[in-house]
Amino acid sequence: MELDETAPTSAEIEALAQRIDRPVVLVGMMGVGKSSVGRKLAAVLHVPFVDADEEIEAAAQMTIPEIFERFGEAHFRDGERRVIQRLVDGGRKVIATGGGAFVNAETRALILDRAIAVWLDSDVETLLERVGRKDNRPLLKQGDPREILTRLREERRTAYEQAPIHVISTRGPHGRTLDKVLKGIQAWL
């Protein structure tokens, strides 16, 4: 869906906020800006923001890298699904998911059924620049980050494409991406 580049007005945002009757769930690759954009989106919609990865760490009482190292990715994905289900069932809010969450068929079905799914997408160069700011990405410790991001992005594309709203997140202020997300939700509702 192509969206015009004009920012929505305050009145349009307020009207949109009133129409949203379920959680908005941001999906996409690590580093695409789900948490940053999610916080801004929640603020303008006057709803809570929740980072699913932070909720997983709180529930497990360990970091995501520790969960991966100790129990493996399959165990992590199962816990991730359960946490996201609890979050989605908890009313209106904005939820930022981990990069692999929407790839899990059960998690994806849950989000598509009970939430507004927004796929934030970005090119590999932008992702590389953003993920380089943190050293807490277990999947990137397994080799060359460029190769891993390129492969994961391609492997996950068919899952991400199932989100009804697709927004390209480019370099620069997240405010531009926020405007595109608002326009995408407005067009979808």
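Bear in mind that the values in this text are calculations on the coordinates, not laboratory data. This is a predicted model, so every value here is computed, not measured. Cβ atoms come from the backbone with ideal geometry, glycine included; neighbour counts cover every protein chain shown.
Some observations on this one:
- Remark: the chain projects, on average over all directions, an area of 9.9 nm² (convex hull of Cα atoms).
- Annotation: region 30-101 has a Kirkwood hydrodynamic radius of 12.6 angstrom, from the mean reciprocal C-alpha pair distance.
- Gyration tensor (alpha-carbon) shape descriptor, region 25-66, a/c threshold 1.5: oblate
- Spin-label pair T63-D78: with each label point 7 Å from Cα along the Cα-Cβ axis, the two points sit 2.5 nm from one another.
- Full-stretch length increase - E155, W188 - with 0.36 nm per residue and alpha-carbon distance subtracted: 9.3 nm
- Angle in degrees between helix 73-88 and the longest Cα principal axis of the chain, rounded to the nearest 10: 20
- For the chain, lysine pairs with C-alpha atoms less than 25 angstrom apart, excluding pairs fewer than eight positions apart on the same chain, total 11.
- Shape call, region 78-189: gyration tensor on alpha carbons, a/c limit 1.5: oblate
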